[in-house]
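Report on the following structure.
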There are 2 protein chains.
Amino acid sequence: MEKLNALRKTLKSRKIDALLVTQPENRRYLSRYSATDSSISESSGVLLIPRSGIPFLLTDSRFELHAGSEAKDFEIMLYPKGLLPLLQKLLPRLGVRRLGFESHYMLHATARKLSAVTGKLGIESVPLVGLVEKMRVRKQQEEIGKIEKSVLLNEEVFQEVFATLREGQTEREVAMRIENTMLVKGAERPSFATIVAGGPNGAAPHAVPGSRPLMRGEPIIIDMGLILDGYCSDMTRTVVLGTPDQKTVDLFRLVRKAQLAATARIKAGVTGKEADRAAREVITEAGLGDKFGHGLGHGVGLAIHEAPSLNRRNGKKLQTGMIVTIEPGVYLPGWGGIRLENMGVVEENGCRVLNRDTTFLDL
Amino acid sequence: MEKLNALRKTLKSRKIDALLVTQPENRRYLSRYSATDSSISESSGVLLIPRSGIPFLLTDSRFELHAGSEAKDFEIMLYPKGLLPLLQKLLPRLGVRRLGFESHYMLHATARKLSAVTGKLGIESVPLVGLVEKMRVRKQQEEIGKIEKSVLLNEEVFQEVFATLREGQTEREVAMRIENTMLVKGAERPSFATIVAGGPNGAAPHAVPGSRPLMRGEPIIIDMGLILDGYCSDMTRTVVLGTPDQKTVDLFRLVRKAQLAATARIKAGVTGKEADRAAREVITEAGLGDKFGHGLGHGVGLAIHEAPSLNRRNGKKLQTGMIVTIEPGVYLPGWGGIRLENMGVVEENGCRVLNRDTTFLDL
């Protein structure tokens, strides 16, 4: 209820009588209802949070039991004819005059229909952006604990699959084994599509695992994450079967040095830009600045990508309780890439790294 | 280019100078670009289709190679700073005065930003719904061939896993093996989350596979589909380990009878409602009408759920080249469910069923 009360204060200050929550992670954050949506047009339910009184979880009969067992502070209401007809009845009954909706997670066509319905009732529909996301950025202790468990399970999966990694296995085969092992070990699902990219394929930061077999001596990027109890993990290791050559070792050490520099820089009060710069300077000094084409990291929580961004543009200060990835990389077209990624919690005086795995980190 | 020309005729009739295509299946349909979007806010590219001249695929550098290798009729343009800054330059250069966008697949917040940008340029942004979807409803021969291959591969997966089905395996374990086998056999991915629901769990039409072990004698619903070369398949079989009891056999036969009645009824000119009714009457006559709580079927193509709907509400006539599922079911709370699902092509004089598998269909 603490989260709901905080949200209600914001609603009050914006003169919103009730908020419609359509974004799936926001829905889970506020209600504990864990259902996922297969797409934005196939919702498994929305929250309606009036400024006072019992909040509602609106869904259809397929999800009734699931919703009731998890969203215990919410009244479950079903919409056999769809959301809008239910809102048409419910909003006037609740005395709503201004209804907020999540403009960043409602289709334009749906928002038009919504405001046609509310308009007829004399209710104003008010587009809002990121209200609940803002609450989610700084994690509570309980959340940090869950994220840590997610990180550790992800490492367990990595280590199990890494132990069986062999020359000749295809990228796709390894990626599938990773995702399978996640599920067997109790993850809800992968937090994003697992990347396994060997040799030259590693030169694209978002490579899709293909039929290329893994070869000895080349760097193999493995970027993987899972969802446990709602919370995401995200880790990248670059590994080598057999003995890496000197160029590979040098690049490993460079990327690791950049990662350590950024980790040492991160604490409350430092901006996303400054954190990024700490890593980027190391790589730039080695003459490879243009080979590090993405930002240093991103926030992680119920969503795999959330605020804050650690990149060249984010001038906002980090705050305690934020959880970020620290993932510098270098990518050489035709040769391959090295990326190393850990997750850390922003604290008052530094960054507490959640990862324990050090495979190929300290060559 | 045939599809593009057809679309351009529609644009002309609506006085739209260019259409922005954000919906991923529409994008693939028009361009052959096969990338997927992990969510509506993480797009791997959008099409900009002017009424004449070369069409564009706008994307970011991560997808440049992929896009170029597939969307051969398109000019690939990158948006290093995001889509809107690129449109700001490109639209005036193309002389666009009225820009159509897909209102049913653009976030409300994005549409607001888009119209702020176009507004400053004196360009009108026009919300459109379902223009390309309408084109996709009737499949061309080439598409029907691809869907047939998808159906047959899906059956191959089913048969392989069915042969190893044993008492004591959990629903989740079986679902994972099915999805794994799909990938091993070359599917792009499952077309939806596989359902394996044994005994009472089968009473919910959208059960999520859990830790319940399969037991002898009870009906086990397996609902599965895959994507091959872009096109979806969708099949449900209900199977029994050991010997089904008389009640199970009777219900199987009833559902199969309903399925055959609907299959016999479907042809061009029959409405979605009439097709649904053909199956529903059979089940209603047996006194179980209220146990068949969902519609008879849905269209399938690049998307797993698309037009037309076969249900109690759709009064529109089916047309040749549409592909639909035919999936009646009965669901008895506490006992379980039986659902049987095939896919068929609507033809001039009937419905050509694409499935060959008859496991437990004709008990």
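The values are calculated or read from the model by the stated rules, or taken from the named source; none is laboratory data. All values reported here derive from a predicted model rather than from experimental measurement. A quick note on method: Cβ atoms are made from the backbone with ideal geometry, for glycine too, and the neighbour counts reach across all protein chains shown.
Note on region A:202-247: residues that are crowded, with 16+ Cβ neighbours inside 10 Å and hydroxyl-bearing (Ser, Thr, Tyr) amount to 4.
Only residues that are under 31 Å from the mean Cα position of the chain (by Cα) and hydrophobic (A, V, I, L, M, F, W, C) were counted across region A:79-135, and they come to 16.
Residues of region B:47-84 being buried (at least 19 other Cβ atoms within 10 Å of the Cβ) and facing chain A (nearest Cβ under 9 Å), which ones? Scanning region B:47-84 gives B:Phe63, B:His66. Of the residues making up region A:1-46, those that are hydrophobic (A, V, I, L, M, F, W, C), more than 14 Å from chain B (Cβ to nearest Cβ) and within 20 Å of A:Ile227 (Cβ to Cβ) are A:Val21, A:Leu30. Within region B:65-76, none of the residues are aromatic (Phe, Trp, Tyr), outside the structural domain of B:Leu228 (by TED's automatic domain parsing) and either closer than 28 Å to A:Tyr105 by Cβ or more than 27 Å from the chain's Cα centre (by Cα) (or both). In the set (1) in contact (Cβ under 8 Å) with a residue 40 or more places away in the chain; (2) over 30 Å from B:Gly225 (Cβ atoms), B:Glu64 fails one condition alone, (1).
Kindly evaluate A:Thr359 against the criterion of being farther than 22 Å from A:His206 by Cα and surrounded by fewer than 22 Cβ atoms within 10 Å (Cβ to Cβ). Show your work before the answer.
Values: farther than 22 Å from A:His206 by Cα: no; surrounded by fewer than 22 Cβ atoms within 10 Å (Cβ to Cβ): yes.
No, not satisfied.
The set of residues from region A:203-218 being at pLDDT below 95 and either of a type outside the set (D, E, K, R) or closer than 23 Å to A:Glu155 by Cα (or both) comprises A:Ala203, A:Ala204, A:Pro205, A:His206, A:Ala207, A:Val208, A:Pro209, A:Gly210, A:Ser211.
Has region A:118-125 got at least one residue that is in contact (Cβ under 8 Å) with a residue 12 or more places away in the chain, more than 14 Å from chain B (Cβ to nearest Cβ), touching a strand residue (DSSP E or B) at 6+ places or on another chain (Cβ under 6 Å) and hydrophobic (A, V, I, L, M, F, W, C)? Looking for residues that are in contact (Cβ under 8 Å) with a residue 12 or more places away in the chain, more than 14 Å from chain B (Cβ to nearest Cβ), touching a strand residue (DSSP E or B) at 6+ places or on another chain (Cβ under 6 Å) and hydrophobic (A, V, I, L, M, F, W, C), one finds at least one in region A:118-125, hence yes. Checking A:His104 against (1) surrounded by fewer than 17 Cβ atoms within 10 Å (Cβ to Cβ); (2) within 13 Å of another protein chain (Cβ to nearest Cβ); (3) farther than 25 Å from A:Ala187 by Cβ, only one condition comes out false. Which one? Of the numbered conditions (1) surrounded by fewer than 17 Cβ atoms within 10 Å (Cβ to Cβ); (2) within 13 Å of another protein chain (Cβ to nearest Cβ); (3) farther than 25 Å from A:Ala187 by Cβ, the odd one out for A:His104 is (1).
In region B:291-310, is there at least one residue being in contact with a strand residue (DSSP E or B) (Cβ under 8 Å, 6 or more places away or on another chain) and polar (S, T, N, Q)?
yes
Looking at (1) assigned by TED's automatic domain parsing to the domain that holds A:Thr238; (2) surrounded by 19 or more Cβ atoms within 10 Å (Cβ to Cβ), which is the one condition that is false for A:Gly145? Of everything listed in (1) assigned by TED's automatic domain parsing to the domain that holds A:Thr238; (2) surrounded by 19 or more Cβ atoms within 10 Å (Cβ to Cβ), A:Gly145 misses just condition (2). Inspect region B:202-221 for any residue being within 14 Å of another protein chain (Cβ to nearest Cβ), of a type in the set (Ser, Thr, Tyr) and either in contact (Cβ under 8 Å) with a residue 12 or more places away in the chain or out of contact with any helix residue (DSSP H, G or I) (no Cβ under 9 Å at 6 or more places or on another chain) (or both) and give the result as yes or no. Among the residues of region B:202-221, at least one is within 14 Å of another protein chain (Cβ to nearest Cβ), of a type in the set (Ser, Thr, Tyr) and either in contact (Cβ under 8 Å) with a residue 12 or more places away in the chain or out of contact with any helix residue (DSSP H, G or I) (no Cβ under 9 Å at 6 or more places or on another chain) (or both), which makes the answer yes. Each residue in region B:62-98 was checked for being hydrophobic (A, V, I, L, M, F, W, C) and touching a helix residue (DSSP H, G or I) at 6+ places or on another chain (Cβ under 6 Å), and 5 of them qualify. Evaluating A:Asp37 against the criteria (1) assigned to a strand (DSSP E or B); (2) in contact with a Pro (Cβ under 6 Å, 6 or more places away or on another chain) leaves one unmet condition, (1). Scanning region B:159-206 for residues that are within 30 Å of A:Asp60 (Cα to Cα) and not in a loop (DSSP other than H, G, I, E, B) yields a total of 21. Return yes when B:Gly95 is part of a helix (DSSP H, G or I), more than 12 Å from chain A (Cβ to nearest Cβ) and surrounded by fewer than 16 Cβ atoms within 10 Å (Cβ to Cβ) and no when it is not. In short, no.
A:Glu148 passes every criterion in (1) modelled with pLDDT of 95 or more; (2) within 21 Å of the chain's Cα centre (by Cα); (3) within 13 Å of chain B (Cβ to nearest Cβ); (4) assigned to a helix (DSSP H, G or I) apart from (3). When restricted to residues that are in contact (Cβ under 8 Å) with a residue 12 or more places away in the chain and farther than 19 Å from B:Leu99 by Cα, region B:42-61 contains 4.
Select from region B:127-145 the residues that are more than 15 Å from B:Met322 (Cβ to Cβ) and outside any loop (DSSP other than H, G, I, E, B) and write down the one among them that is nearest to the other protein chains (Cβ to nearest Cβ). Ranking the qualifying residues of region B:127-145, first place goes to B:Pro127.
Select from region A:290-317 the residues that are among the aliphatic types (A, V, I, L, M) and either in contact with a Gly (Cβ under 7 Å, 6 or more places away or on another chain) or within 14 Å of another protein chain (Cβ to nearest Cβ) (or both) and list them in ascending order. So that I can check it myself, show each step before the final result.
The first filter runs over region A:290-317 and keeps only residues among the aliphatic types (A, V, I, L, M), leaving A:296, A:300, A:302-304, A:307, A:310.
Those that are among the aliphatic types (A, V, I, L, M) and either in contact with a Gly (Cβ under 7 Å, 6 or more places away or on another chain) or within 14 Å of another protein chain (Cβ to nearest Cβ) (or both): A:Leu302, A:Ala303, A:Ile304, A:Ala307, A:Leu310.
Counting only strands (runs of 3 or more DSSP E) wholly contained in region B:261-359, the ones carrying 2 or more residues that are among the aliphatic types (A, V, I, L, M) and over 20 Å from B:Val239 (Cα atoms) occupy B:306-310, B:323-326, B:342-347. Report yes if some residue within region A:74-81 is of a type in the set (Asp, Glu), over 20 Å from A:Leu4 (Cβ atoms) and free of Cβ contacts under 8 Å to residues at least 40 places away in the same chain; otherwise report no. There is no residue in region A:74-81 that is of a type in the set (Asp, Glu), over 20 Å from A:Leu4 (Cβ atoms) and free of Cβ contacts under 8 Å to residues at least 40 places away in the same chain.
Out of A:Glu173, A:Glu167, one residue alone is away from every other protein chain (no Cβ under 11 Å) and surrounded by fewer than 23 Cβ atoms within 10 Å (Cβ to Cβ). It is A:Glu167.
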